[in-house]
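Okay, so here's the structure we're looking at.
The values are calculated or read from the model by the stated rules, or taken from the named source; none is laboratory data. Note that the structure is predicted; figures quoted are calculated from it, not measured. Ideal geometry is used to build each Cβ from the backbone, glycine not excepted, and the neighbour counts take in all protein chains shown. All accessible areas refer to the heavy atoms of the entire protein, side chains included, with ligands and DNA or RNA removed. Shrake-Rupley method; radii C 1.70, N 1.55, O 1.52, S 1.80 Å.
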Amino acid sequence: MGFLRTTPRLILRPLTQNDWEDLAQILQDDQVMYAYGHHFQDADVQQWLDRQQQRYRQHGFGLWAAVEKQSGHMVGQVGLTLQPCLGRQVLEVGYLLKKRYWHRGYAREAAASCVQYAFCQLGATRVHAIIKCDNQPSLRVAQALGMTCRQTFTTRYYAGDMRHYLYAIDAPPKAPTSL
């Protein structure tokens, strides 16, 4: 299947068609998706899933299923995507969890693993998070990862123009090599 990463409590793996129902529980929950300002229909869920699988083929990464090791249940999706932002492409860590798994530290745990993967395996020098200004839980996750706000901007989503923050963290400096 390619990508597989574990954290103390989670397995991160590519989404498959078998994950459609779990993905729909996330994308069709208006409370979870309030920052998007759009109610996702079944066709939207399939397009989202297809887009992740295209990202795996094209870039080797995308949003991955986050599966609880203990129960085997999918708690959400977390991963890396290339996103257009302010006229350029940025590498973004994203996280969306089923509401019943909120406030357990899963987003922070999985996102931290994704940031480490970006720096260590992909050789990224910076990872971003694009967060709607009023999305306090996502802002707390970004801050817990050591990200700082680099810019405030307006972007258009399904529901129109929305204010966002661009958070980022830079890769740690490489240790000097001795001769």
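When the accessible area of the chain is split by element with a 1.4 Å probe, what percent falls to carbon and sulfur?
On the way: 4680 of 9530 Å².
That share works out to 49 percent.
Can you sort Tyr165, Tyr34 by solvent-accessible area, 1.4 Å probe, largest first? Intermediate values should be presented prior to the final figure.
On the way: Tyr165 65, Tyr34 90 Å².
Listed by decreasing accessible area, they come as Tyr34, Tyr165.
Estimated purely from DSSP H runs of n ≥ 4, each contributing -39500 (n - 2.57), the mean residue ellipticity at 222 nm for the chain is -9000 deg cm²/dmol once divided by its residues.
Put simply, the amide H of Gly62, placed in the peptide plane, has neighbours under 5 Å in Leu80, leaving out anything fewer than 5 places away on its chain.
Considering only protein heavy atoms, what per residue accessible area in square angstrom results for the chain with a 1.4 angstrom probe?
On the way: 9530 Å² over 179 residues.
Result: 53 Å² of accessible area for each residue.
For the full complex of protein chains and a 1.4 angstrom probe, list Thr152, Thr7, Thr125, Thr16 by accessible area with the highest value first. Please report the intermediate quantities before stating the final value.
Values: Thr152 65, Thr7 10, Thr125 105, Thr16 40 Å².
Greatest to least solvent exposure: Thr125, Thr152, Thr16, Thr7.
Each residue of region 118-125 was assigned a 3J(HN,Hα) from its phi angle through the Karplus expression (A = 6.51, B = -1.76, C = 1.60, θ = phi - 60°), giving 4, 6, 7, 9, 8, x, 5, 9 Hz with x at Gly and Pro.
Sort region 77-158 into rounded, prolate or oblate with this rule: let a ≥ b ≥ c be the square roots of the eigenvalues of the Cα gyration tensor; rounded if a/c is under 1.5, and if a/c is not under 1.5, prolate when a/b is larger than b/c, oblate otherwise. Kindly include the intermediate steps, with their values, before the conclusion.
Working: a/c = 1.66, a/b = 1.09, b/c = 1.52.
Since a/c reaches 1.5 but b/c is at least a/b, the shape of region 77-158 is classed as oblate.
Residue order by solvent-accessible surface for Arg13, Arg51 is Arg51, Arg13, largest first, with ligands and nucleic acids left out and a 1.4 Å probe. Taking amide H as placed 1.01 Å from N in the peptide plane, Gly76 has its amide H under 5 Å from the amide H of Ala66, Lys98, each at least 5 places away in sequence or on another chain. Under the rule a/c < 1.5 gives rounded, and otherwise a/b versus b/c splits prolate from oblate, where does region 1-89 land using the Cα gyration tensor? Oblate shape, in that a/c is at least 1.5 and b/c is the bigger or equal ratio.
Within the listed set Gln77, Gln136, Gln25, the residue fluctuating most in the Gaussian network model of the chain (springs between alpha-carbon atoms under 10 angstrom) is Gln136. Positive contributions from Lys and Arg (+1) and negative ones from Asp and Glu (-1), summed over other residues with Cβ under 12 Å from the Cβ of Thr125, come out at +1. Region 95-163 and region 9-59 have Cα centres separated by 16 Å. Let me make sure I get this right: for region 1-152, a, b and c are the square roots of the gyration tensor eigenvalues over alpha carbons, sorted descending. Under 1.5 in a/c it's rounded, otherwise prolate if a/b > b/c, else oblate. Which is it? Here region 1-152 falls in the rounded category. Comparing Gln143, Gln53, Gln121 in a Gaussian network model of the chain (Cα springs below 10 Å), the most mobile by mean-square fluctuation is Gln121. If I build a Gaussian network model for the chain, linking alpha-carbon pairs within less than 10 angstrom, which residue out of Val115, Val45, Val127 has the largest mean-square fluctuation? Fluctuation is largest for Val45.
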